[in-house]
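Scroll down for the structure; my scribbles are underneath it.
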Amino acid sequence: MKVLNFGSLNYDYVYNVDHAVTPGETLSSSNMETFLGGKGLNQSISLARAGVPVFHAGMVGEEGGQILEACAKSGVNAEFVRQIPGKSGHAIIQLDKNAQNCILLYGGSNRKITKEFVDEVLSHFEKGDVLLLQNEINELDYIIDRAYEKGMQIALNPSPFDSALDACDLKKVSIFLLNEIEGGQISGETDPEKILDVMMGKFPDSRVVLTLGSDGVIYRDKNQTCKQGIFKVKAVDTTAAGDTFTGYFIASILAEMPIEEALRMCARASSITVSRMGATDSIPTMDEVKEALKG
């Protein structure tokens, strides 16, 4: 069984601010740093650091060499990453004094995916392989349809939630990994239990992982519901917390871990991520997570 992450590859420009800028306001930042990120890259590195061999598919621009180097350094197989003319995707991130962030995305090369490229990549995978997706690239509906035809297991993190998802047949998704905002946008509900009720009504054969920030996470499938609280740490940057959780959760499913144990591991991994600056740089290794779980 192989794991393919078809996703975004970004440069993150992080600005430290007192508060997120409001309409009409000019705000000075106290610091600015550049990190590698994109939900796709973050989740591939999370999978790799959790011990899962992962292939990444996507596009980078002319200045994307550093991203390719990071994939190689982190153990992410980038043979399906293409370098094309133009700019790579990037994000402008405001990070406030409470470690909360606001993110503005520019798609760049992430929005240059073609159907021909999708077909080429998927020709190397088969029934039973796992496909992980987010919503920061184009042709998402086509990727889902073609992967489903091949019998791949599709895991979707529907972030950012926008109209592109309207074209996607979400009944083809095996695993949903989403936060309460995205869950509310799909279900029309705000209460976590009602969100899960609607999700299971619409997608009865899927697994749903609903993250709730400081309230932890709830998992539900047709057979069980499990909850896990957070591990309290001093948060300095929450940027890749959800992506870390996603990578570690897919790793736990592949390892056939009991759900309670899996959620605890994922929560601990995310707690380490938020205690560090940056996106890819903050994601822990499995050894770090296992050591932290002993405490």
> Just to be sure, is SER123 open to solvent by 60 Å² or more (accessible area, probe 1.4 Å), small (Gly, Ala, Ser) and over 18 Å from the mean Cα position of the chain (by Cα)?
Replying inline: yes
> Within the group ILE186, ILE218, which residue is outside any loop (DSSP other than H, G, I, E, B), in contact with a strand residue (DSSP E or B) (Cβ under 9 Å, 6 or more places away or on another chain), closer than 23 Å to ASN42 by Cα and not charged (D, E, K, R)?
Replying inline: ILE218
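Each row is one residue, and each column tells you yes or no for (1) in contact with a strand residue (DSSP E or B) (Cβ under 7 Å, 6 or more places away or on another chain); (2) at pLDDT below 95; (3) on the phi > 0 side of the Ramachandran plot; (4) open to solvent by 20 Å² or more (accessible area, probe 1.4 Å).
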{"residue": "VAL3", "(1), (2), (3), (4)": "yes, no, no, no"}
{"residue": "SER44", "(1), (2), (3), (4)": "yes, no, no, no"}
{"residue": "ALA50", "(1), (2), (3), (4)": "no, no, no, no"}
{"residue": "MET59", "(1), (2), (3), (4)": "yes, no, no, no"}
{"residue": "GLU69", "(1), (2), (3), (4)": "no, no, no, yes"}
{"residue": "GLY75", "(1), (2), (3), (4)": "no, no, yes, yes"}
> Quick check, is SER159 open to solvent by less than 60 Å² (accessible area, probe 1.4 Å), farther than 30 Å from GLY216 by Cβ, of a type in the set (S, T, N, Q) and in contact (Cβ under 8 Å) with a residue 60 or more places away in the chain?
Replying inline: no
> Applying the selection to the stretch 80-101, what residues are in contact with a strand residue (DSSP E or B) (Cβ under 7 Å, 6 or more places away or on another chain) and open to solvent by 60 Å² or more (accessible area, probe 1.4 Å)?
Replying inline: ARG82, GLN83, ILE92
>> What's the total number of residues in the stretch 276-295 that are open to solvent by 50 Å² or more (accessible area, probe 1.4 Å) and under 21 Å from GLY37 (Cβ atoms)?
In response: 5
> Do we have any residue at all in the stretch 20-30 that's of a type in the set (S, T, N, Q), modelled with pLDDT of 95 or more and under 15 Å from the mean Cα position of the chain (by Cα)?
Replying inline: no
>> Conditions first: (1) open to solvent by 20 Å² or more (accessible area, probe 1.4 Å); (2) touching a residue at least 24 places away in the same chain (Cβ under 8 Å); (3) under 30 Å from ASP96 (Cβ atoms); (4) of a type outside the set (Asp, Glu). LEU254 passes all but one, so which condition is the exception?
In response: (3)
>> Any residue at all in the stretch 278-288 that's touching a residue at least 24 places away in the same chain (Cβ under 8 Å), in a helix (DSSP H, G or I) and within 26 Å of GLN224 (Cα to Cα)?
In response: no
> If only one of ILE113, ILE137, ILE154, ILE143 is under 21 Å from LEU9 (Cβ atoms) and part of a strand (DSSP E or B), which one is it?
Replying inline: ILE154
> In the stretch 172-185, which residue that is more than 22 Å from THR239 (Cβ to Cβ) and in contact with a Lys or Arg (Cβ under 8 Å, 6 or more places away or on another chain) is most open to solvent (accessible area, probe 1.4 Å)?
Replying inline: SER174
>> For the stretch 1-34, give me the residue count where each residue is of a type in the set (A, V, I, L, M), more than 30 Å from VAL130 (Cα to Cα) and part of a loop (DSSP other than H, G, I, E, B).
In response: 4
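The values are calculated or read from the model by the stated rules, or taken from the named source; none is laboratory data. Because the structure is predicted, anything quoted here is derived from the model rather than measured. So basically every Cβ, Gly included, is an ideal-geometry build from the backbone, and we count neighbours across all protein chains shown. Calculation scope for accessible area: heavy atoms of the full protein, side chains included, ligands and nucleic acids excluded. Shrake-Rupley method; radii C 1.70, N 1.55, O 1.52, S 1.80 Å.
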